[in-house]
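S.K.: Sharing a structure with you now.
The values are calculated or read from the model by the stated rules, or taken from the named source; none is laboratory data. Given the structure is predicted, the values throughout are model-derived calculations rather than measurements. Ideal geometry is used to build each Cβ from the backbone, glycine not excepted, and the neighbour counts take in all protein chains shown. We work out accessible area using only protein heavy atoms, side chains counted, and drop any ligands, DNA or RNA first. Shrake-Rupley method; radii C 1.70, N 1.55, O 1.52, S 1.80 Å.
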Protein chains: 4
Amino acid sequence: MAKLMQAVVKPHTAPGAEIREVQVPEFGRNDVLVGVRIASICGTDLHIYEWDRWAQARIHPPLIPGHEFCGEVVAFGEEVTTVKEGDFVSAEMHVACGKCLQCRTGEAHICQNVSIIGVDSNGAFAEYVVIPESNIWKLDPAIPQEYASILDPLGNAVHSVLAGEVVGKTVAITGCGPIGLFAIAVARAAGAAQVFAIEVNHHRRRIAAQMKADWVLDPASDDVPSAIFERTSGLGADIVLEMAGHPQAIRTAFDVVRRGGRISLLGLTSKPVSLNFSEDIIFKGITIQGINGRRMYQTWYEMTALLKAGKLDLRPAITDRIAMKDFSIAMERLKAGEASKILVYPNGTR
Amino acid sequence: MAKLMQAVVKPHTAPGAEIREVQVPEFGRNDVLVGVRIASICGTDLHIYEWDRWAQARIHPPLIPGHEFCGEVVAFGEEVTTVKEGDFVSAEMHVACGKCLQCRTGEAHICQNVSIIGVDSNGAFAEYVVIPESNIWKLDPAIPQEYASILDPLGNAVHSVLAGEVVGKTVAITGCGPIGLFAIAVARAAGAAQVFAIEVNHHRRRIAAQMKADWVLDPASDDVPSAIFERTSGLGADIVLEMAGHPQAIRTAFDVVRRGGRISLLGLTSKPVSLNFSEDIIFKGITIQGINGRRMYQTWYEMTALLKAGKLDLRPAITDRIAMKDFSIAMERLKAGEASKILVYPNGTR
Amino acid sequence: MAKLMQAVVKPHTAPGAEIREVQVPEFGRNDVLVGVRIASICGTDLHIYEWDRWAQARIHPPLIPGHEFCGEVVAFGEEVTTVKEGDFVSAEMHVACGKCLQCRTGEAHICQNVSIIGVDSNGAFAEYVVIPESNIWKLDPAIPQEYASILDPLGNAVHSVLAGEVVGKTVAITGCGPIGLFAIAVARAAGAAQVFAIEVNHHRRRIAAQMKADWVLDPASDDVPSAIFERTSGLGADIVLEMAGHPQAIRTAFDVVRRGGRISLLGLTSKPVSLNFSEDIIFKGITIQGINGRRMYQTWYEMTALLKAGKLDLRPAITDRIAMKDFSIAMERLKAGEASKILVYPNGTR
Amino acid sequence: MAKLMQAVVKPHTAPGAEIREVQVPEFGRNDVLVGVRIASICGTDLHIYEWDRWAQARIHPPLIPGHEFCGEVVAFGEEVTTVKEGDFVSAEMHVACGKCLQCRTGEAHICQNVSIIGVDSNGAFAEYVVIPESNIWKLDPAIPQEYASILDPLGNAVHSVLAGEVVGKTVAITGCGPIGLFAIAVARAAGAAQVFAIEVNHHRRRIAAQMKADWVLDPASDDVPSAIFERTSGLGADIVLEMAGHPQAIRTAFDVVRRGGRISLLGLTSKPVSLNFSEDIIFKGITIQGINGRRMYQTWYEMTALLKAGKLDLRPAITDRIAMKDFSIAMERLKAGEASKILVYPNGTR
């Protein structure tokens, strides 16, 4: 096996990243070394690239970013029992401690001591990545490789949609970044009666329509609440998935949710949000949930089953495929708001 | 309005039924008189017709049977506020007392004092039927009339399928009478990853395939447990919907359910069933549910939403359409096991 | 029976109220006339008395307020079947429409068309009050009369506490008005491992201690978060019941709830509240619930069972007992913050 | 540290056991060596001692039995991070694989590959026992040592009681072995309105009364269903905890559960049980659960919190305390049905 590999490296505490030749990482007794076939880009990677306030506070260069990927098992430590060479795998990149109350009661997705591969340690924008065996997710070869590389954000969508009952319900999704787009497909597969997609960016609205949202609305020109109330006999949406993190989208979420409905919050906010608790929450008797990561490993089983059964068509959301050497081009595409999910090929795009 | 109408009447405590001219029923202050457009036949109607032991204990002739139907509002009592003449409606035929603990805590489907229209009082195999306003279910004209006449058994299926989480799960259905067949469609719409239909009758198996069960098995010739374990990585089915009521089907249900799975029991049994509690239930940590009727009115909202959204294709299960005057022919078809759901037209099939 | 009765009347659109002789109310076919034995005073009654902004928008004088009471059945309409003369009763004063989606799916406490007796129509500060049969709650004579008159606010507490799992959990209650005080008793009865009561008013803190809160904290002088984290191994409270409606209390609620915990909001706010969604909700993966009224009639069964079993000692929270003619004195006591729950006796306190 | 220790050893495939001097067990990199302070005896240990059919099929002598205990950490492997010498601990003795679907979705108590310490490998009737770190449960020194030694069966009781809502409910417990007795205390602490204890053995009934069951019934002389229906307004028990495994007790469970109630099955049966599915399960709309082990580690947190808060008085169920050298006397006491929970002291009872 090679000793050196190509990787995207964030070298310094400053904007940008470089393609470099680095050591293939070493792995421990309980670890698996995976040869990365495809990695995909998350909004978080753009934050790291641009070195914004969040990144400055969290990231310690040098770092290889990247936390969405699929690949093949190349080698593993002596305690590993569940994989063999050549297995096709992805991974949960939130490494939970396994020892806190949350981890020990089925809530590892909100572990008190979580560490994220690709954020807190070297990740998947490289030819090889090291993953603890506990976090490896083996994949049926029937699952398309491209989908296998985006299980992390798909899992966010599955976790959000399935955080309550969905069958026969009206679902409104505010914000159609990749997770919002995936949520359209998941809500449909999970039996939602109608799905509203609400998004300001016209590229994203076009994709939302391709993902088969029943109604695609532009908050800049459409009267979103009226549109929803009209198509729900005046009730409002049973479920709102808030995936924008923008004050106006959040306002819409509370305006359109029906009495007794639920709002699942996933979109991260950068500013405080103001609510009228009496009118917005208490009199309506709604439930609000914070959604973080993916349920370990409930969400992974659910999404694998849906993919294997062919219930999810995610292709419209995959807009770009690039060779890893062109990583900075991908960053520009993302910044321009023209790309949705971008796949990165360490060894070139085929 | 006419004073007389045609109806199927069970006149005596003996097998059979007659088409007779009877009085159009009177209605009270809180009642709705509905002109029946289509009624459909349930296995229960065959029990009444054949005058079996159950019927002898429960039915008090003379009786107009029939508890699945749709029609139009013709008139109503002075306290009725939610319908108007011409409204297209169906109805929940279990009339709950509204006053027992179950009724007052959202469990009216297991009301202590339930009375069933078409069983305990005159039903829908007639030109007109009287329904309390509380039990009327108004329908969007977009819903096909034929489907509107089978909401009662469809509701049984919806109640069974949605009695727990379904998305991404493997569902096995033992017994493919109409409710079992409908459950195939509902499970698919609700996001089941794969649906196994298990049925001895080849007519029903053919329909199960048309309803798009992923796998249709004949317990007489197929090794059902092996087939299920093989396609679930040795786990077994997450959910078993037992809709046969036959000892062998029940045995299969317990054999194929996975550790921690659920068995929802709907098929009525005529004989005691023997189980090994330790092996069948306790060590596997499974949950068993008795399913009765439809949740009032949760199930009705769910099924209406699914129908309106076009998520259910029920046509293969509707095998016969007959004029009410030919009621006894329908009974013969049913006895022969050749028909599945039979629709009855009081005014002819047009 | 008498034709005239004494009542508290809000005569005009202005502050204050009067004791007047008025007609004993007439009742309809489905109604029950109850002779009020004890009525109790809610904060809402003070809003009506003082004619604040909320009252000006909602109340249409003349009105007899009062929505917490117990008494005896005196007479009833011809359709009433479940009570007889002399029955000891209280009532759910939220009259739900029974016809909206919420009512028909077990969520009548958030009915779209609710009307409140004592707010939207004449209430219980009178010798007699009329209640629809559906809302009457018959009481075991074993339940103390004083407790029977405060089932409405006790029900709010029961609904809040039991909106999720409680056994073995740490519960923090922000705000110890009567509902907060009752919640202490309910949380203890429901198996909470420890209960923190947080309240600025020292009268209320004294009562909170008498209700057997494990820890009583004064946010003006105690470091509330430190106190809670210290006694929960640094985890925080599993459950926060927010019953103050004050911005600072709400801030505390979000600060002390543990990752994956729940905040149940009952305290009405008069001003917007600002939150950092990412830190306060999403990363912590918490659930927030709006709590309104009482579950019909789940909550009533639960609270009756607890009372009948003698699991709740509510006496410390009942601070005053007055004759109805002294109603304005009660209002002053309440304004001064010295009284907690005040009982009103239409026929004198004996 | 000593190289040799005293232990109860099942030496051969035959009835009986011996006290022997054996090697102190070796421990691995992830293991903890615990000095046993108290171990307690389970019915399973009697099966092993008597070498019944179950034991013959499952047990491979030589074996040190014992799976309920508490003690102090004496030493540990180099990967262990969460304990230190002298820590007071107990342990979950079901060692789950951590890799099957059940383990990875919060259902490790029904792991497909579980191995039980004291059954499948050497256990706690010895001066020392080896436990994997993952299964160690650290205890607050405030928890009484005697209680710390019976967390395994107490956990069964907690798991059973808390498998559904309990507050304000009527709970019937069929069978008052130690787990049934503990369930009385747990149900009371969890807010049950009334608890019925049903047991044929008069020693056990006496203890059930000491555990403060509201009603203690002898099925040999009392009309159990009548007693329960009378004290539940004819409804029946909301919850039945079946802990006898005897056909008659199971019959009672189904007879007394109310419509919509739940039956949690824990008592292992040795013979098939016959049910009338229609009448016993379906029409009543009940839920039946198989209860196995303890939820890892939800149950452990719940029971620790209840113990620490002083909500459980378990003393009446601890009937005997013996030195380990008198193990066979304990077996006789158990066989005679005179003892309930017996504590075993490896180093004498002091």
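S.K.: Just which residues of the range A:270-296 lose 40 Å² or more accessible area with every protein chain there, against their chain alone, with the probe set to 1.4 Å?
M.R.: A:V273, A:L275, A:F277, A:S278, A:I282, A:F283, A:I288, A:G290, A:N292
S.K.: Would you jot down the residues in the range B:134-170 that end up with at least 50 Å² less accessible area in the complete protein assembly than in the chain alone, with a 1.4 Å probe?
M.R.: B:V167
S.K.: Now, a different point. Find which of C:C42, C:A2, C:Q56 sits farthest along the positive direction of the dipole of the range C:1-58, computed with +1 on the beta-carbon of Lys and Arg, -1 on that of Asp and Glu, about the Cα centre.
M.R.: The listed residue farthest towards the positive side: C:A2.
S.K.: To continue, here is another question. If you average the alpha carbon positions of the range A:156-180 and of the range B:30-62, how far apart do those two centres end up, in angstrom?
M.R.: For the range A:156-180 versus the range B:30-62, the Cα centre distance is 43 Å.
S.K.: Same structure, new question: Given a 1.4 Å probe, how much area per residue of the range D:280-350 is accessible, in Å²?
M.R.: 37 Å²
S.K.: Please give the calculated 222 nm ellipticity per residue for chain C, where each DSSP H segment of at least 4 residues contributes -39500 (n - 2.57) and the sum is spread over every residue; nearest 500 deg cm²/dmol?
M.R.: Rounded to the nearest 500, the figure is -7000 deg cm²/dmol.
S.K.: In nm², what is the average projected area of the convex hull enclosing the Cα atoms of the range D:302-350?
M.R.: Approximately 4.4 nm², given one-decimal rounding.
S.K.: Radius of gyration and Dmax for the range D:200-344's Cα atoms, expressed in Å?
M.R.: Reported Rg and Dmax, both Å: 17.7, 55.
S.K.: Roughly how tilted is helix B:151-161, in degrees to the nearest 10 and between 0 and 90, from the longest Cα axis of chain B?
M.R.: So the helix axis and the longest Cα principal axis differ by about 20 degrees.
S.K.: With viscosity set to 0.890 mPa s at 25 °C, what whole-number translational diffusion coefficient in µm²/s follows for the range D:157-239 from Stokes-Einstein and a Kirkwood radius over Cα pairs?
M.R.: 198 µm²/s
S.K.: On to the next question. Apply the Karplus parameterisation 6.51 cos²θ - 1.76 cosθ + 1.60, with θ equal to phi minus 60°, to every residue of the range C:269-278 and state each ³J(HN,Hα) to the nearest whole Hz, in sequence, with x for glycine and proline.
M.R.: With coefficients 6.51, -1.76 and 1.60, one gets 9, 9, 10, x, 10, 10, 10, 9, 3, 4 Hz.
S.K.: Suppose we keep just the DSSP beta bridges with both residues in the protein assembly as shown; what percent of those would be antiparallel, to 5?
M.R.: About 55 percent, rounded to the nearest 5.
S.K.: For the rotation bringing C onto D, which C residue has its Cβ nearest the axis, and at how many Å?
M.R.: C:G191, 3
S.K.: I've got another one for you. Per residue, how much accessible area does the range D:1-120 have with a 1.4 Å probe, in Å²?
M.R.: Per residue, the range D:1-120 has 43 Å² of solvent-accessible surface.
S.K.: Still on this structure: Label position 7 Å from Cα toward Cβ: report the copy-to-copy distances for D:S270 in nm, one decimal, ordered from shortest.
M.R.: Going from nearest to farthest copy, the values are 3.7, 7.2, 7.2 nm.
S.K.: Okay, next question. Just how many pairs of Lys in the range D:253-350 have C-alpha atoms closer than 27 Å, counting pairs that are eight or more places apart or on different chains?
M.R.: Taking the range D:253-350 as the scope, the lysine pair count is 7.
S.K.: Could you please state how large a percent of the accessible area of chain D is carbon and sulfur, counting protein chains only and using a 1.4 Å probe?
M.R.: Taking all protein chains in place, chain D shows 48 percent carbon and sulfur surface.
S.K.: Moving to a separate point now. For the range A:234-287 and the range D:303-335, what is the centre-to-centre distance using only Cα atoms, to the nearest Å?
M.R.: Their Cα centres are 52 Å away from one another.
S.K.: Follow-up. Restricting attention to the alpha-carbon atoms of the range A:60-189, what are Rg (one decimal) and Dmax (integer), both in Å?
M.R.: 16.2, 50
S.K.: Run the dipole for the range D:223-348 about the Cα centre, Lys and Arg Cβ at +1, Asp and Glu Cβ at -1, nothing else charged, and hand back the magnitude in debye, nearest 20.
M.R.: Dipole about the Cα centre, nearest 20: 420 debye.
S.K.: Taking Cα pairs under 8 Å and at least six residues apart, what relative contact order does chain B come out at, in percent?
M.R.: After rounding, I find 17 percent.
S.K.: Over chain B, with a Gaussian network built from C-alpha contacts below 10 Å, which listed residue (B:L181, B:L306, B:L268) shows the highest mean-square fluctuation?
M.R.: Looking only at B:L181, B:L306, B:L268, the largest GNM fluctuation is found for B:L268.
S.K.: Right, another one. Which ³J(HN,Hα) values, rounded to whole Hz and listed in residue order, are derived for the range A:192-202 from phi using the Karplus coefficients 6.51, -1.76 and 1.60 in 6.51 cos²θ - 1.76 cosθ + 1.60 with θ = phi - 60°, glycine and proline given as x?
M.R.: So the J values, rounded to whole Hz, are 4, 6, 8, 10, 9, 10, 10, 7, 7, 7, 6.
S.K.: Please give the per residue volume of the convex hull enclosing the alpha carbon atoms of chain D, rounded to a whole number of Å³.
M.R.: 135 Å³
S.K.: Something else now. Place the label 7 angstrom along Cα→C-beta at D:S115 and in each other copy, then list the distances from the first to the rest in nm, shortest first.
M.R.: Counterpart label points of D:S115 in the remaining copies fall at 2.8, 6.5, 7.1 nm.
S.K.: A further question follows. With N set to the number of residues, divide the alpha-carbon radius of gyration of the protein assembly as shown by 2.2 N^0.38 Å and report two decimals.
M.R.: Here the Cα radius of gyration is 0.95 times the empirical estimate.
S.K.: Separate question: Give me the tail of P(r) for the range D:43-96 as a percent: Cα-Cα pairs with distance above 18 Å.
M.R.: 52 percent
S.K.: Quick one: with label points 7 Å out along Cα→Cβ, list the inter-copy distances for D:G43 in nm, shortest first?
M.R.: In ascending order, 3.7, 5.2, 5.6 nm.
S.K.: Right, something else. If the elastic network links every pair of Cα atoms under 10 Å, which of A:P61, A:P272, A:P247 fluctuates the most in the Gaussian network model of chain A?
M.R.: A:P272
S.K.: Restricting to bridges with both residues inside chain C, how much of the DSSP beta-bridge set is antiparallel, in percent to the nearest 5?
M.R.: The answer is about 50 percent antiparallel.
S.K.: Now a separate question. Interface D/C, total buried accessible area with a 1.4 Å probe, nearest 100 Å²?
M.R.: Answer for the D-C pair: about 1300 Å² buried.
S.K.: Expressed as an acute angle from 0 to 90° and rounded to the nearest 10, what is the orientation of the C-alpha long axis of helix A:298-308 relative to the principal long axis of chain A?
M.R.: Around 90 degrees separate the two axes.
S.K.: While we're here: Using every alpha carbon pair in the range C:227-306, what percent of pairs falls into each 5 Å bin from 0 up to the bin containing the largest distance?
M.R.: That works out to 3, 14, 21, 22, 17, 11, 9, 3, 0, in percent per bin.
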